[in-house]
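> Below is the structure I would like to discuss, written out as structure tokens.
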Amino acid sequence: MRLQRDKSLLLMVDFQAGLLPVIEGGEAAIGEAHWLLGVADMLEIPVWMTEQMPEKLGGTAPVLLDGQQRPTIWHKHHFAATEEAAFREALSATGRHQIVLCGTEAHICVLQTALGLLEEGYAVYWLSEATASRRSHEAVMARERACALGAQAVSADMVAYEWLHRCDTASFSAVHQQLLKPRAGKAVRFF
């Protein structure tokens, strides 16, 4: 099943400033997440972020908060965001059932959130390049486990083009000029 704009939500798990320095591939994960966040913002797709005990791990990496519409930020103490009743109820109320999921750490909070979403009947799209852990092999294992249980591994480009759906719209032209064309031309550094 293809991703559809009106059914999707981008969920970024625990991209926290205090955690990112120890994440293997953290800069690349943030870069992919930031780029897809820009696409989601232009297409008016809701973006939610979680923060695990921000008083200890810091808030969301500032680059993900700069220049975008303010995302919905959820504070949590459970590893799985879906264990937080307010989060679960608010997600259900959106009516969006396609969850594009990324974040850190892949094998802990992202995986447990994916498992909770799958248990609740959501379609989970694991954004592979934007999901990382302190040890890369654990990120791979987490993706494999989530996919074996029903999630689908996707790339940021796959998601963006499915959301855009066609190339003859004003949405495509705007996203192409601002995000797709520059991405193809050169690497962009985010921090």
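The values are calculated or read from the model by the stated rules, or taken from the named source; none is laboratory data. Because the structure is predicted, anything quoted here is derived from the model rather than measured. As a convention, Cβ positions derive from the backbone with ideal geometry for all residues, glycine included, and neighbour counts pool all protein chains shown.
> Which residues, taken from the range 1-28, are in a helix (DSSP H, G or I) and modelled with pLDDT of 95 or more? Steps first, please.
Our first condition is that a residue be in a helix (DSSP H, G or I); within the range 1-28, this holds for 5-7, 20-22, 26-28.
Selection gives R5, D6, K7.
> Looking for something basic (K, R) and in contact with a helix residue (DSSP H, G or I) (Cβ under 6 Å, 6 or more places away or on another chain) - is there at least one such residue anywhere in the range 77-95? If you could, list the steps in order and put the result at the bottom.
Start the filter on the range 77-95 by keeping residues that are basic (K, R), which leaves 88.
Going one step further and asking which of them are in contact with a helix residue (DSSP H, G or I) (Cβ under 6 Å, 6 or more places away or on another chain), we end up with 88.
Within the range 77-95 (the criterion being basic (K, R) and in contact with a helix residue (DSSP H, G or I) (Cβ under 6 Å, 6 or more places away or on another chain)), the answer is yes, since at least one residue qualifies.
> Go through the range 125-136 residue by residue and tally those that are surrounded by fewer than 24 Cβ atoms within 10 Å (Cβ to Cβ) and of a type in the set (V, I, T).
Qualifying residue count, the range 125-136: 0.
> Please go through the range 2-39 and pick out each residue that is within 21 Å of R88 (Cα to Cα) and small (G, A, S).
Of everything in the range 2-39, just one residue is within 21 Å of R88 (Cα to Cα) and small (G, A, S), namely S8.
> Do the conditions hold for T72, that is, is it among the polar types (S, T, N, Q), more than 16 Å from V124 (Cβ to Cβ), in contact (Cβ under 8 Å) with a residue 24 or more places away in the chain and surrounded by fewer than 18 Cβ atoms within 10 Å (Cβ to Cβ)? Walk me through how you get there before you give the answer.
On the way: among the polar types (S, T, N, Q): yes; more than 16 Å from V124 (Cβ to Cβ): yes; in contact (Cβ under 8 Å) with a residue 24 or more places away in the chain: yes; surrounded by fewer than 18 Cβ atoms within 10 Å (Cβ to Cβ): yes.
When the stated conditions are applied, T72 passes them.
> I would also like to ask the following. Would you pick out the residues in the range 133-170 that are touching a helix residue (DSSP H, G or I) at 6+ places or on another chain (Cβ under 7 Å), more than 16 Å from L10 (Cα to Cα) and in contact (Cβ under 8 Å) with a residue 40 or more places away in the chain?
S133, R134, A139
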